[in-house]
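Just so you know, all these numbers are worked out from the coordinates, no wet-lab data involved. Note that the structure is a prediction, hence the values are computed from the model and not measured. Note that we place each Cβ from the backbone using ideal geometry, even for glycine, and neighbour counts take in every protein chain shown.
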Amino acid sequence: SRTVDRNEDGVATVGGLDVTRLAEEFGTPAYILDEDDFRARCRAWADAFGPGADVFYAGKAFLSRAVVRWLHEEGLNLDVCSGGELLTALDAGMPADRIAFHGNNKSLEEIERAVRAGVGRIVLDSFQEIARVAHVAQGLGVRQRVLIRITVGVEAHTHEFIATAHEDQKFGLPLAGGQAAEGVRRALGLDGLELIGLHSHIGSQIFDTSGFEVAAHRVVGLLQQVRDEHGVELPEIDLGGGLGIAYTPDDDPREPRHIAKALHEIVTRECENAGLRPPRISVEPGRAIVGPTAFTLYEVGTIKPLPGLRTYVSVDGGMSDNIRTALYDAEYSVSLVSRVSDAAPMLSRVVGKHCESGDIVVKDAFLPADLAPGDLLAVPATGAYCRSMASNYNHALRPPVVAVRDGAARVIVRRETEEDLLRLDVG
Ligand code: LLP
């Protein structure tokens with residue numbers, strides 16, 4: 001991952017800027033995001049899949065108006081999963097026909113807003129939603145392009161809370177038992193809907209392409225069944241997101257071109273065997289695009305050595321700006337970036353300032369034994385699901401996102417203020 005560099009004097013820099021200067025100018029904690037890296041990753045995905053496929057960035061990983069503009073400029077599409085994400089996308093000028101709208105319980109207001117805006121596709125997640133979207137579209141006199149999300153029964157090897165294609169969970173219509181086929185039958189019979197394909201998302205932070213291959217195999221199986229039963233060849237399949245990134249040096253992620261090649265090969269082969277025209281493929285990477293592009297910059301406040309155990313290093317943020325360690329047992333790395341130290345390594349745990357013992361940012365790390373209050377630490381790979389899942393727990397002020405490019409830094413999401421906190425409290 002391309003985050004903090006060191007120049008020849010050992011000074012930590014990002015995008016040519018001194019990290020200590022960034023802390024002085026923007027304060028800590030802060031998410032520092034490398035815009036060039038973000039754009040390069042967008043292009044890598046688009047190039048890997050080529051003009052015959054579509055890449056939808058999953059906005060849930062991190063979305064802001066600037067991000068929407070970058071995506072638009074780099075030719076990517078956008079996947080949103082709430083009215084709020086849709087609002088942000090439209091407000092920043094993403095053409096509606098390049099937006100896909102997801103979610104397992106979209107409200108009627110959200111559905112109406114999406115259909116009125118003319119979103120390119122809505123991914124339907126239940127029988128009720130098939131009927132609801134058809135009803136709204138018909139009322140507005142349009143045929144809404146839709147996909148049906150199916151669960152293919154793949155056990156992705158990832159944390160239980162972020163695995164989504166085994167059958168015992170809330171998303172999609174299960175392939176097993178025929179609900180997915182029934183959803184297709186219903187959607188094909190409704191005037192308000194133009195069913196363009198099937199959708200599958202097997203989970204997140206996945207390193208192995210085999211889960212995607214099994215999913216693609218099963219999705220194509222349903223395409224074949226639909227052709228046989230209804231004489232219709234659905235033109236698209238969306239295989240979701242989920243490609244893993246390196247959080248620590250031990251992680252070994254696949255490149256977009258590996259996943260693109262594997263998916264194209266299996267879909268082409270399976271379709272040949274089934275006598276189907278190969279559908280257009282789309283994918284929805286979130287983490288793999290934005291995750292590696294940012295790091296969180298913290299200042300050390302207190303240091304507590306527990307002899308025989310480890311040293312607890314408290315920083316000025318914590319689970320309110322990165323819930324992933326507490327929620328998923330996620331692994332992160334950390335380094336001292338405000339100076340160079342050749343002190344001996346000490347076993348450390350980087351913790352936040354919240355009132356819980358589970359408020360851990362980095363479980364196990366080696367930091368120099370001369371670490372002192374005021375030192376700056378960087379935690380890499382926090383671009384995805386950190387700011388987007390940040391909270392005001394303990395009335396923390398959510399940190400800003402600072403984008404760095406061509407030796408210049410600018411705030412794209414500002415730090416919350418005390419006025420922001422009090423403004424919502426109207427009691
Ligand atoms: N498409 C769909 C339908 C999804 O549900 C998701 C993620 C994605 C695409 C993007 O997946 P990605 O490429 O980013 O792995 N908050 C968790 C991850 C939950 C992801 C939910 N859906 C985390 O911090 O790891």
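Descriptive notes on the structure:
- Fewest-first ordering of 20, 293, 88 by other beta carbons within 10 Å of each residue's beta carbon gives 20, 88, 293.
- Only lysine pairs 8 or more places apart, or on different chains, with alpha-carbon atoms under 22 angstrom apart are counted in the chain, and they number 6.
- Projected label distance in nm at residue 40 and residue 341, using a 7 Å step from Cα toward the beta-carbon: 3.0 nm
- Using a cutoff of 8 angstrom between alpha carbon atoms and counting only pairs six or more residues apart, the relative contact order for the chain works out to 19 percent.
- Only Cα sites of the range 162-219 enter the Debye sum here, all with the same form factor; the resulting log10 I(q)/I(0) across q = 0.20, 0.21, 0.29 1/Å is -0.83, -0.89, -1.27, listed in q order.
- Annotation note: GluC sites (Glu not before Pro) in the range 262-335 located in DSSP loop regions with a Cβ neighbour count of at most 16 within 10 Å are 331.
- Cα point-scatterer Debye curve for the range 68-179, base-10 log of I(q)/I(0) at q = 0.18, 0.21, 0.22 Å⁻¹: -0.93, -1.10, -1.15
- P(r) weight above 19 Å for the range 209-315, C-alpha pairs, percent: 59 percent
- Here, the chain is characterised by an Rg to Rh ratio of 1.01, where Rg is the alpha-carbon radius of gyration and Rh the Kirkwood radius.
- Summarising the strand pairing of the chain, around 45 percent of its internal DSSP beta bridges are antiparallel.
- Inter-part distance where the range 1-80 and the range 198-233 are each reduced to a Cα centre, Å: 31 Å
- Net +/- balance of residues flanking residue 275 in space, Cβ distance below 14 Å, scoring K and R +1, D and E -1: -1
- Spatial extent of the range 35-290: Rg and Dmax, with the Cα atoms as the point set, Å: 17.2, 54
- Restricting the calculation to Cα atoms, the range 1-54 shows an Rg/Rh of 1.16 when the hydrodynamic-style radius is the Kirkwood one.
- At R0 = 22 Å, FRET efficiency that the Cβ-Cβ distance of residue 303 and residue 65 yields, to 0.05: 0.05
- For the range 27-112: rounded, prolate or oblate by the Cα gyration tensor [a/c cutoff 1.5]: oblate
- Bins of 10 Å from zero: percent of alpha-carbon pairs in the range 1-160: 9, 29, 29, 20, 9, 3, 0
- Label zone (residue 21, point 7 Å along Cα-to-C-beta; backbone nitrogen cut-off 16 Å) within the range 383-410: 403-410.
- 406, 208 arranged by Cβ crowding within 10 Å, fewest neighbours leading: 406, 208
- Charge dipole (debye, nearest 20) of the range 35-290; +1 at Cβ of Lys and Arg, -1 at Cβ of Asp and Glu: 640 debye
- The modelled label-to-label distance for the pair residue 277/residue 167, using points 7 Å beyond Cα in the direction of Cβ, is 3.3 nm.
- Annotation: extensible slack from residue 268 through residue 230 equals 11.5 nm (criterion: 0.36 nm per residue apart, minus Cα-Cα distance).
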